[in-house]
Amino acid sequence: MRLHELKPFKGELKNRKRRGRGPASGLGCTSGKGNKGQRSRSGKGPAPAFEGGQMPLVRRLPKRGFKNPFRVDYNEISLGFLAKKFGDKQEITLEDMYSICKKSKPIKVLGVGEIDRPVKIWAHKFSKSAMEKIKKAGGEAMVLEGK
């Protein structure tokens, strides 16, 4: 058997409806769209929320909430996780931290967990408790400007 010899089983395929091909086809004249009106015309129909001129539901309901366009989302990394992940390093840079999280967001170090040795950590932002714990351990928190 060759590719050109393949055929569908009998009764497997239906003939497509050929609209607008005369009265004998059963779908001639108006092509199954009825007489007159917006939906019988060619081209695009009304908008999805159009309700025949009545005020649409989308516009009847009140707007809710507020989206702050200046909000900055941070990659949040805990101090305890950094201490565990980079145990023997003296300096933890942005490249080190971006190896474990998304590069599209700036990094914020949170004060969850403990650090027991002096480490120099570079990040865009630090929480107050993280700053205190780093300084208490004898390390240094280096805040970067911008993103």
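The values are calculated or read from the model by the stated rules, or taken from the named source; none is laboratory data. The shown structure was predicted, so the numbers you read here are calculated from the model rather than taken from an experiment. Because the Cβ atoms are built from the backbone with ideal geometry, glycine has one as well, and the counts that use them run over all protein chains shown.
Points to keep in mind about this one:
- Residue within segment 37-48 that is among the charged types (D, E, K, R), modelled with pLDDT under 90 and in a helix (DSSP H, G or I) present: yes
- Residue within segment 21-33 that is in a loop (DSSP other than H, G, I, E, B) and within 28 Å of the chain's Cα centre (by Cα) present: no
Residue by residue, here is whether (1) at pLDDT 90 or above; (2) under 30 Å from E140 (Cα atoms); (3) not in a helix (DSSP H, G or I) holds:
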{"site": "M1", "(1), (2), (3)": "no, no, yes"}
{"site": "V58", "(1), (2), (3)": "yes, no, no"}
{"site": "R64", "(1), (2), (3)": "yes, no, yes"}
{"site": "K67", "(1), (2), (3)": "yes, no, yes"}
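- Among residues of segment 130-144 that are of a type in the set (D, E, K, R), those with a beta-carbon under 6 Å from a residue that is part of a loop (DSSP other than H, G, I, E, B) at least six positions away or on a different chain give the pairs K133/G111; K133/I115.
- Scope segment 94-131; condition in a loop (DSSP other than H, G, I, E, B), β-branched (V, I, T) and within 13 Å of I77 (Cα to Cα); matching residues: I100, V112
- Residues satisfying the stated conditions in segment 16-49, i.e. surrounded by fewer than 10 Cβ atoms within 10 Å (Cβ to Cβ) and of a type in the set (D, E, K, R): R16, K36, R39, K44
- E91 being more than 30 Å from P48 (Cβ to Cβ), exposed (fewer than 14 other Cβ atoms within 10 Å of the Cβ), acidic (D, E) and in contact with a strand residue (DSSP E or B) (Cβ under 9 Å, 6 or more places away or on another chain): yes
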